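Presented below is the structure to which this report refers.
Read-outs throughout are calculated quantities, based only on the coordinates presented, and are distinct from any laboratory measurement. Computed from a predicted model, the values in this text were never measured in an experiment. Don't worry about glycine lacking a Cβ; one is built from the backbone with ideal geometry, like all the others, and counts go over all protein chains shown.
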Amino acid sequence: MSDPNAQFTRGLQGQAPPAAGADLDEWAKGDATRKWNQNGLGQSGAGQSSGDDGRSQAAHYTAPPDPRTLSIGLFMAASFIVFCLSAPIFGTLYPAATGAALAAGLISDGLLRHTMPAWDAPSRLAISLPAAIAVFWIASRLDHRAAAYLPPYRWVRHIARVILVSLLVAASSLNPEGSLVPTNAYQLHAIVSNPAFLPFLAVMAVVTHLGLTKARKLRDAWERGLVAWRLRPNDLPQ
């Protein structure tokens, strides 16, 4: 009786098959294994690219990005977008802090006009802008503390937010010249006299109220961003 392993080896090496019987079955298994290996090697070779010098270069596996790195990148991208839209965002969500910062900037600019009359507008801006940012930073932290521990202030701020956000969205949507806010009396009259103004304002007020009170995950993410930039104390209740 012949050795079945020998017939398997003959098939694996591509030698001629035996006549029939169990020996042929073992040879067929070896031959199938040989063909499967050859197909695997062919696919591997197809996945390689040839360089200019004629030598094949193996494809390199690229690992997925670190989730922490990806999170930091997304945070920086979101921060950049918020910075570009900082005036309407912070102006409507934090009117008290924004008003204090605007007053500080205008006051410092006015003082520089009188004390440094030779300075032009860009020179004065180099002083008044940092002053406004510093005041906004302080006022923002005070605003969050007041909202966290003084319910009447939090309610008044919420009403102001709903009104300001609704007015901003309505004005920018109905402005015939497409600007974010009306820049002249014609635009203001066109917005207010539009029949859709009051219904649009009412709908936006409801949407804004629901967004500020129900979008918990979005609000938590926003507050974490404020804490990261030190615009909100990190010891306040959520």
> In whole Hz, what ³J(HN,Hα) sequence does the range 229-235 give by Karplus (6.51, -1.76, 1.60; θ = phi - 60°), x for Gly and Pro?
Replying inline: 8, 6, 8, 9, x, 8, 9
> How would you order 125-131, 146-152, 91-97 from highest to lowest mean count of nearby Cβ atoms within 10 Å?
Replying inline: 91-97, 125-131, 146-152
>> Per DSSP helix of 4 or more residues, -39500 (n - 2.57); summed, then divided by the residues of the chain. What does that give at 222 nm, rounded to the nearest 500?
In response: -24500 deg cm²/dmol
> If each Cα of the chain is one equal point scatterer, what is log10 of I(q)/I(0) from the Debye formula at q = 0.11, 0.15, 0.16 Å⁻¹?
Replying inline: -0.79, -1.18, -1.25
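Size of the dipole of the chain about the Cα centre, Lys and Arg at +1 and Asp and Glu at -1 on the beta carbon, nothing else charged, in debye to 20? Don't skip to the end; give the middle numbers.
Numbers: 20 positive and 15 negative charges, 245 e Å.
That gives the chain a dipole magnitude of about 1180 debye.
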> Once whole DSSP H runs in the chain are found, which of them have Cα atoms spread over 24 Å or more along the helix axis and a mean Kyte-Doolittle score of at least 0.5?
Replying inline: 67-84, 95-115, 121-149, 151-174, 197-214
> Taking the simple approach of a point 7 Å from Cα along Cα-to-Cβ for both ILE127 and GLN15, what is their distance in nm?
Replying inline: 9.9 nm
> Using the alpha-carbon centroid of each, what span in Å lies between the range 166-193 and the range 84-117?
Replying inline: 23 Å
> Between ASP220 and LEU106, what FRET efficiency follows from the Cβ-Cβ distance if R0 is 35 Å, with the result rounded to 0.05?
Replying inline: 0.50
> Hey, what did the chain get for relative contact order, percent, Cα under 8 Å, at least 6 apart?
Replying inline: 13 percent
>> Which chymotrypsin sites (Phe, Trp or Tyr not before Pro) in the range 87-144 sit in a loop by DSSP (not H, G, I, E or B) and have at most 16 other Cβ atoms within 10 Å of their own Cβ?
In response: TRP119
> Over the range 64-145, what relative contact order in percent results from Cα pairs under 8 Å that are six or more residues apart?
Replying inline: 34 percent
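Averaging sequence separations of C-alpha pairs under 8 Å and six or more residues apart, then dividing by the length of the range 148-227, give the relative contact order as a whole percent.
Reported as a whole number, the value is 27 percent.
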> Sequence-distant or interchain residues sharing an amide H contact under 5 Å with ARG232, placed H: which?
Replying inline: VAL227
>> What FRET efficiency comes out for SER193 versus SER86 if R0 is 45 angstrom and r is the Cβ-Cβ distance? Round to the nearest 0.05.
In response: 0.90
> Hey, quick one: spin label on LEU212, modelled 7 Å out along Cα-Cβ, who in the range 94-138 has an amide N within reach, i.e. under 16 Å?
Replying inline: 94-99
